[in-house]
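Below: the structure, in structure tokens.
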Amino acid sequence: MYAPKLFKGARVAIVGPSSSVTEERLAEGVAAIRRLGFEPVVYESARSMHGYFAGTDAVRAADINAAFADKSIDGIIATRGGYGGHRVLPLLDYDTIAKNPKFFGGYSDITAYHIALNQRCGFATYHMPMACALYAPDAYSLACAEAMLFGTPANYENPEGYPRETLVPGTAEGVLCGGNLSLIAASLGTPWEIDTRGKILFFEDVDERPYRIDSMLTHLRNAGKFADCVGILIGDFSDCDPKPEEKTLSLDALIDEIVKPAGKPTIKGVRCGHCTPTMSLPLGKRFRMDADACTFGEAE
């Protein structure tokens, strides 16, 4: 099930599902949404602050529930990621959300919501820059985000100068799932644990030490997530290189030792994640990938 696409004049809820933003950043996010041709509707959580959160868990959950329930709201976009999404998941009204599928966009910590909404409510959501990140985007990132927003043909080729690599050859087809690696790993053992069976798994991360990436990839492997999926897309790992003084394994070595042995068609170097420029991806849609040609795209 696919939520309706947005259109010029659509009323878009701006919510703070995870960490807070400053008044200045919120103003930039509102301006970005308006510049895209939408009518921004700012919810309490976008303005709130509770420690490092955009309001209490109850406030953040109430805003998401209300935005989905409000028939006049056409789409929902997060202010930013950060931290805190998993705390809200038990408070969401999944029955109401499932009855009111809407465009839902964000990435990073928003991965927690993507997994929950894809699996519990059955509609696609969008791994894309948040409202504040759309204030002054580069041309590639903006075009990719607009393709998600308006449902126009999307570009799943890397921008020039960012080559991909075949890690494991082969072809695969399945529903695209995943997002931020740390959030995927944190879902394990919860009612919102990611289900990769028969799916293409995408993951990326930012500012993580190699031993932490090792731990998360190993956790996914030991939980059978690489064995269950049919294909793997490895996104960008920004600021994750070992420090000069660190005695460690490289990211490439970790992937070779932990991910590659699963033998699933795998493409490395997908330009998507906490990077600029960045691709946008529709999580919950059926994808087809050809690892030999380093290409992928929507199957339907």
inquiry  = Under the rule a/c < 1.5 gives rounded, and otherwise a/b versus b/c splits prolate from oblate, where does the range 86-230 land using the Cα gyration tensor?
reply    = rounded
note = Under the rule rounded for a/c under 1.5, else prolate if a/b exceeds b/c, else oblate, using alpha carbon gyration tensor axes a ≥ b ≥ c, the range 125-191 is classed as oblate
key: Per residue accessible area of the chain, 1.4 Å probe, in Å²   = 40 Å²
ask   = Which order do Arg120, Arg164 take when ranked by solvent-accessible area (1.4 Å probe, heavy atoms of all protein chains), largest first?
value = Arg120, Arg164
ask   = How far is helix 139-150 tilted, in degrees, relative to the longest principal axis of the Cα atoms in the chain, given as a value from 0 to 90 rounded to the nearest 10?
value = 60 degrees
message = Per residue of the range 230-247, what does 6.51 cos²θ - 1.76 cosθ + 1.60 with θ = phi - 60° give for ³J(HN,Hα)? Whole Hz please, x for Gly and Pro, Karplus curve as stated.
response = 9, x, 9, 10, 9, x, 7, 10, 6, 6, 10, 6, x, 6, x, 8, 6, 9
request  = Could you list which residues have their amide H under 5 Å from that of Gly179, counting only those 5 or more apart in sequence or on another chain, with H placed in the peptide plane?
outcome  = Phe202, Phe203, Glu204
query = For all pairs of alpha-carbon atoms in the range 206-268, what percent lies in each bin of width 10 Å, listed from the first bin to the last filled one?
reply = 21, 54, 22, 3
ask   = Roughly how compact is the chain, stated as its Cα Rg over 2.2 N^0.38 Å to two decimals?
value = 0.94
query = Rounded to the nearest 10 Å², what accessible area does Met216 show when all protein chains are kept and the probe is 1.4 Å?
reply = 10 Å²
query = Mean residue ellipticity at 222 nm from the helices of the chain, using -39,500 (n - 2.57) per DSSP H segment of n ≥ 4 over the full residue count, to the nearest 500 deg cm²/dmol?
reply = -7500 deg cm²/dmol
task = For the chain, find the longest principal axis of its Cα atoms and tell me its angle to the long axis of helix 57-69, 0 to 90°, nearest 10.
result = 80 degrees
ask   = Let a ≥ b ≥ c be the square roots of the eigenvalues of the Cα gyration tensor of the range 169-209; is it rounded (a/c under 1.5), or, if not, prolate (a/b larger than b/c) or oblate?
value = oblate
key: Solvent exposure, largest accessible area first (probe 1.4 Å, DNA, RNA and ligands not counted), of Val30, Val12   = Val30, Val12
request  = Restricting to the range 128-267, compute how many DSSP beta bridges are antiparallel as a %, nearest 5.
outcome  = 15 percent
key: Between 0 and 90°, nearest 10: helix 210-222 axis offset from the chain longest Cα axis   = 90 degrees
Rounded to the nearest 10 Å², the accessible area of Tyr211 at probe 1.4 Å = 150 Å²
remark   = Spelling it out for Asp292: with amide H atoms placed in the peptide plane at 1.01 Å from N, the residues 5 or more places away or on another chain with amide H under 5 Å from its amide H are Gly170
task = Could you calculate the FRET efficiency of Thr152 with Arg47 from 1/(1 + (r/R0)^6), where r is the beta carbon distance between them and R0 is 25 Å, rounded to 0.05?
result = 0.20
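The values are calculated or read from the model by the stated rules, or taken from the named source; none is laboratory data. Source: prediction; values computed, not measured. Counting neighbours? That spans all protein chains shown, and the Cβs are built from the backbone with ideal geometry, glycine included. All accessible areas refer to the heavy atoms of the entire protein, side chains included, with ligands and DNA or RNA removed. Shrake-Rupley method; radii C 1.70, N 1.55, O 1.52, S 1.80 Å.
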